[in-house]
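The values are calculated or read from the model by the stated rules, or taken from the named source; none is laboratory data. This structure is a prediction, so every number in the text was calculated from the model and none was measured. Because the Cβ atoms are built from the backbone with ideal geometry, glycine has one as well, and the counts that use them run over all protein chains shown.
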Amino acid sequence: MADEKKPAAEEAEKEKPEGAEGEEGAEEKPKKKIPVMAIAIVVLVLVGIALAGGIAYFITTSVVKNSQKEPESVSRFHDPGVFVKLGDPKEGILVNVGGVKAGHFLKIGIMIELNPGKKEVITEGKLNPVAETKLMDTVLHILRSEPLDGYDASKQDALKEKIKTEVNHELGEGTVYGVYITSFVLQ
């Protein structure tokens, strides 16, 4: 009976390929799988990093685009506007600045470029009287409430932007294209 087992064991050894022995053959297979799995993990990690970078880039660019957008009613390129001079046609606006007791006066010429498409503000190329009243009231309020150092030459652009923003708020977004200061005397 022992003889019967020996020939079966010998046949099993003959069927195995050369160099492959019981335990040694089993150890070689996992060694081959480990590098393939490591490569697969590295590739998956790199793909994940690339996806995260792409998503971060997309979010960042969309946030930057949204923050730089102009209001839809005001485009960067527009039809020529209607220019309106505020105050007296020759003198402009004369206003007391810095408070009643300050004794400072500002004589300023302001031209406002208005959107000709705003029919409630511009009628037949002229400023509507109601819109003119609101416009003058808003500009005078800004000029009176501005502190004296707000009239410094370096802050002129900020003053123009403030006038534009407030008038657009009062008359409707997209009404004012630009504000231009044509003369300026502070005493």
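To keep it simple, each residue is scored yes or no on (1) touching a His at 6+ places or on another chain (Cβ under 6 Å); (2) farther than 16 Å from GLY174 by Cα; (3) of a type outside the set (A, V, I, L, M, F, W, C); (4) at pLDDT 85 or above.
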{"site": "HIS78", "(1), (2), (3), (4)": "no, no, yes, no"}
{"site": "GLY81", "(1), (2), (3), (4)": "no, no, yes, no"}
{"site": "GLY99", "(1), (2), (3), (4)": "no, yes, yes, no"}
{"site": "ASP137", "(1), (2), (3), (4)": "no, yes, yes, yes"}
{"site": "ILE142", "(1), (2), (3), (4)": "no, yes, no, yes"}
{"site": "GLU146", "(1), (2), (3), (4)": "no, yes, yes, yes"}
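Confirm whether ILE93 is of a type outside the set (D, E, K, R), surrounded by 10 or more Cβ atoms within 10 Å (Cβ to Cβ), in the same structural domain as LEU143 (by TED's automatic domain parsing) and at pLDDT 85 or above.
Yes.
Find the residue count for the stretch 108-120, including only residues that are farther than 16 Å from VAL179 by Cα and surrounded by 12 or more Cβ atoms within 10 Å (Cβ to Cβ).
Result for the stretch 108-120: 2.
Every residue in the stretch 148-162 that is in contact (Cβ under 8 Å) with a residue 12 or more places away in the chain and within 23 Å of GLY103 (Cα to Cα), please.
LEU148, TYR151, GLN156, LEU159
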